[in-house]
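Data block below; observations after.
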Amino acid sequence: LAAAQTPVTDPARATEVVALLRSAIEMARALGDRHALSFVLSFGATVALLIPEAERFGIMTETVELARGLGQRLTLASALPAYITALLGRGERARAEAELARYDELLAEFRQPLSPLQRLRRLLLGALLAALAGDVEEAERASEAARAIADAAPMSSLSLLWLTHRLALAQLHGRPEL
């Protein structure tokens with residue numbers, strides 16, 4: 001239900017949506033079914049910006065660990081980009097790079113071509129790491145390649161994801177024109 005109520009358009013409903021998420025996680029834990037818990041946690045990402053950072057990171061970590069333990073590759077493919085970004089935000093670059101290597105291995109296991117979203121996410125992660133390392137040229141190259149994917153895809157969410165990335169780069173470099 002929490003995921004169905006997002007995005008929250010009425011700020012007064014945010015508390016209710018967060019309560020629904022927490023209640024769903026508690027119920028899944030009470031069931032003792034790890035698959036049910038994994039399902040609920042994976043939807044927790046839709047409410048992520050409404051909860052405190054420590055709780056959000058805990059949900060992300062548990063989602064990744066549980067998906068690995070259950071062999072849920074699609075859940076991992078969906079959860080790892082945000083988890084890697086969160087690790088970078090916490091200053092855990094070495095851990096983020098280790099997770100990125102695991103993400104690359106996971107993507108290589110899929111026999112079908114990567115979706116535009118998967119390709120875009122991977123490029124944006126590369127751009128972010130390059131920007132944090134001070135390699136502006138590589139960050140721009142990866143960002144422009146991601147933009148080409150976003151522009152070619154009929155999904156507006158890809159453009160929104162790329163735009164969010166550009167805003168983060170502008171903030172990181174203190175350059176609003178980016």
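The values are calculated or read from the model by the stated rules, or taken from the named source; none is laboratory data. Worth saying up front: this structure is predicted, and the values here are computed from it rather than measured. As a convention, Cβ positions derive from the backbone with ideal geometry for all residues, glycine included, and neighbour counts pool all protein chains shown. When the accessible area is computed, the model is the full protein with side chains, heavy atoms only, and any ligands, DNA or RNA have been set aside. Shrake-Rupley method; radii C 1.70, N 1.55, O 1.52, S 1.80 Å.
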Qualifying residues in region 47-79 (those that are within 18 Å of Val8 (Cβ to Cβ) and open to solvent by 70 Å² or more (accessible area, probe 1.4 Å)) - the one modelled with the lowest pLDDT:
Leu49
So for region 156-174 (the condition being of a type in the set (D, E, K, R) and farther than 24 Å from Ser38 by Cα), does at least one residue qualify?
yes
How many residues, within region 156-178, are without any contact (Cβ under 8 Å) to a residue 40 or more places away in the chain, open to solvent by less than 50 Å² (accessible area, probe 1.4 Å) and closer than 15 Å to Gln118 by Cα?
1
Just one of (1) touching a residue at least 24 places away in the same chain (Cβ under 8 Å); (2) in contact with a Ser or Thr (Cβ under 8 Å, 6 or more places away or on another chain) trips up His35, so point out which.
(2)
With the requirement that a residue be over 19 Å from Leu88 (Cα atoms) and of a type in the set (Ser, Thr, Tyr), what does region 115-149 give you?
Ser115
Within region 3-46, residues of a type in the set (A, V, I, L, M), open to solvent by less than 70 Å² (accessible area, probe 1.4 Å) and over 18 Å from the mean Cα position of the chain (by Cα) come out as Val8, Ala14, Val17, Val18, Ala19, Leu20, Ala24, Ile25, Ala28, Ala36, Leu37
Contact list, first residue from region 95-122 and over 21 Å from Glu138 (Cα atoms), second anywhere and open to solvent by 50 Å² or more (accessible area, probe 1.4 Å), beta-carbon distance below 8 Å, six or more apart or interchain, is Leu106/Arg73; Leu107/Leu114; Leu107/Arg122; Glu109/Arg73; Phe110/Arg73; Leu114/Arg122
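Among residues belonging to region 83-100 that are surrounded by 17 or more Cβ atoms within 10 Å (Cβ to Cβ) and small (Gly, Ala, Ser), point out the one that is nearest to Leu21 (Cα to Cα). Show your work before the answer.
Step one: filter region 83-100 for residues surrounded by 17 or more Cβ atoms within 10 Å (Cβ to Cβ), giving 83-88, 96, 99-100.
Adding the requirement that they be small (Gly, Ala, Ser) leaves 86, 96.
Numbers: Ala86: 20, Ala96: 26 Å.
Top of the filtered list is Ala86.
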Would you confirm whether any residue within region 129-144 is within 13 Å of the chain's Cα centre (by Cα), hydrophobic (A, V, I, L, M, F, W, C) and on the phi < 0 side of the Ramachandran plot?
no
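Quick check on region 140-155. Is at least one of its residues in a helix (DSSP H, G or I), under 22 Å from Val47 (Cβ atoms), open to solvent by 20 Å² or more (accessible area, probe 1.4 Å) and at pLDDT 90 or above?
Of all residues in region 140-155, those in a helix (DSSP H, G or I) come to 140-152.
Next cut, under 22 Å from Val47 (Cβ atoms) only: none.
Looking through region 140-155, none of the residues is in a helix (DSSP H, G or I), under 22 Å from Val47 (Cβ atoms), open to solvent by 20 Å² or more (accessible area, probe 1.4 Å) and at pLDDT 90 or above.
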Tyr103 touching an Asp or Glu at 6+ places or on another chain (Cβ under 8 Å) and assigned to a helix (DSSP H, G or I):
no
